[in-house]
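Trainee: Below: one structure in structure tokens.
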Amino acid sequence: MHEVTPGKWYSDADIGEVLRYSGIRSAEDCSGAMLDEAVSAVGQVGEASLPKCITRECSLVIDGDVCRVDGMAFRSASLAAHLSGCERALLFAATLGSGVDLLISRYSAVRMSYAVLLQGAAAALIELYCDRECAALEQRYAREGCFLLPRFSPGYGDFSLACQHSLTGALNAYKYTGIAVSAGGQMTPMKSVSAVIGISRTPKGQRGGCASGKCADCPNTDCIFRRV
């Protein structure tokens, strides 16, 4: 049994996802020793993490392929299609913290094969953390009779990475989470996520064409990390 230590926030980590983010398609391609190292990587990343999340509810107006969110204009046909029918949206940002970057950097200098597993574990854990935070948000909005769409991040479809600046700036993400954005739109700490989440009065299954998020919304079908 290859299981993560129970009782930790990251104990539900999917080792198959860790391997996929590490560029390994299936656990069947791994030795028992590699699976054990993947579990170890999850533990180390989890202990090095200091997860933080921030959200902000905003008004939303969609005009063609432009989404106007509290005065910000995001030009993206895929985002506009995803948010169709919504009049409000949440801006969302989350991070595992800089300790994970330091951990990966340290192993990259001495043991690159394990650093790759650490990268995979970190990618899986930031998704796990975001999913948990979004599940809590869904419960909160359900009490108002609202439904949340899957989060849609810069980099999906034609939603430009350059939008990270406006999105994280509107959240004051650096002050509250330590997330910064480079001139090229890359976030630090590395394992950080920003997104827009639509707020709808209609359940997802009844919206007709509501995107499911993540790989389903991305046109890069050749990505080695894509879910098959």
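The values are calculated or read from the model by the stated rules, or taken from the named source; none is laboratory data. Fair warning: this is a prediction, and the values are worked out from it, not measured in the lab. Positions of Cβ are generated from backbone atoms using ideal geometry, with glycine treated the same way; all protein chains shown enter the neighbour counts. For the accessible areas, the whole protein counts, side chains as well, though only heavy atoms, and no ligand, DNA or RNA atoms are used. Shrake-Rupley method; radii C 1.70, N 1.55, O 1.52, S 1.80 Å.
Trainee: Please sort 139-149, 9-19 by packing, taking for each peptide the average over its residues of neighbouring beta carbons within 10 angstrom, highest first.
Mentor: Final packing ranking: 9-19, 139-149.
Trainee: Using a Förster distance of 25 Å, how high is the FRET efficiency between Glu144 and Asp12, based on the Cβ-Cβ distance and rounded to 0.05? Before the final figure, lay out the partial values.
Mentor: Values: r = 27 Å, r/R0 = 1.10.
With R0 = 25 Å, the Cβ-Cβ based efficiency is 0.35.
Trainee: Relative to the Cα centre, what is the charge dipole magnitude of the range 15-205, using +1 at the beta carbon of each Lys and Arg, -1 at the beta carbon of each Asp and Glu, and rounding to the nearest 20 debye?
Mentor: Numbers: 17 positive and 18 negative charges, 80 e Å.
Value, rounded to 20: 380 debye.
Trainee: Within the accessible area of the chain, what % is carbon and sulfur when the probe is 1.4 Å and the other protein chains stay in place?
Mentor: Taking all protein chains in place, the chain shows 52 percent carbon and sulfur surface.
Trainee: Another question about this same structure. In the set [x] 14.9; [y] 13.2; [z] 10.7, which value of mean projected area of the Cα convex hull in nm² was calculated from the structure you see?
Mentor: [y]
Trainee: Can you give the helix-only mean residue ellipticity at 222 nm for the chain, where every DSSP H stretch with n ≥ 4 adds -39500 (n - 2.57) and the sum goes over all residues, rounded to the nearest 500 deg cm²/dmol?
Mentor: Rounded to the nearest 500, it is -11500 deg cm²/dmol.
Trainee: Order these peptides, 97-103, 39-45, by their mean beta-carbon neighbour count within 10 angstrom, highest first.
Mentor: Working: 97-103: 18.1, 39-45: 22.4.
Going by the mean number of other Cβ atoms within 10 Å, highest first, we get 39-45, 97-103.
Trainee: So the label point goes 7 Å from the Cα of Ala136 along Cα→C-beta, right? Which residues of the range 42-63 then have their backbone N under 19 Å from it?
Mentor: From the range 42-63, the list is 46-58.
Trainee: Now for a different question. Relative contact order for the chain: what is it in percent, counting Cα pairs under 8 Å that are at least 6 residues apart?
Mentor: On the way: 389 pairs, mean separation 55.9, N = 228.
Value for the chain: 25 percent.
Trainee: Here's something else I'd like to know. If you fit an axis through the alpha-carbon atoms of helix 32-48 and take the longest principal axis of the Cα set of the chain, what angle between them do you get, 0 to 90°, nearest 10?
Mentor: The angle comes out near 60 degrees.
Trainee: Short version: ³J(HN,Hα) in whole Hz for each residue of the range 97-112, in order, from phi by Karplus 6.51 cos²θ - 1.76 cosθ + 1.60 (θ = phi - 60°), x for Gly and Pro, what are they?
Mentor: My calculation for the range 97-112 gives x, 6, x, 5, 4, 5, 4, 5, 4, 4, 6, 4, 7, 10, 7, 5 Hz in order.
Trainee: Also: Give the accessible surface of the chain per residue, rounded to a whole number of Å², with probe radius 1.4 Å and ligands, DNA and RNA excluded. All intermediate terms of the calculation are to be shown ahead of the outcome.
Mentor: Values: 11080 Å² over 228 residues.
It amounts to 49 Å² per residue over the chain.
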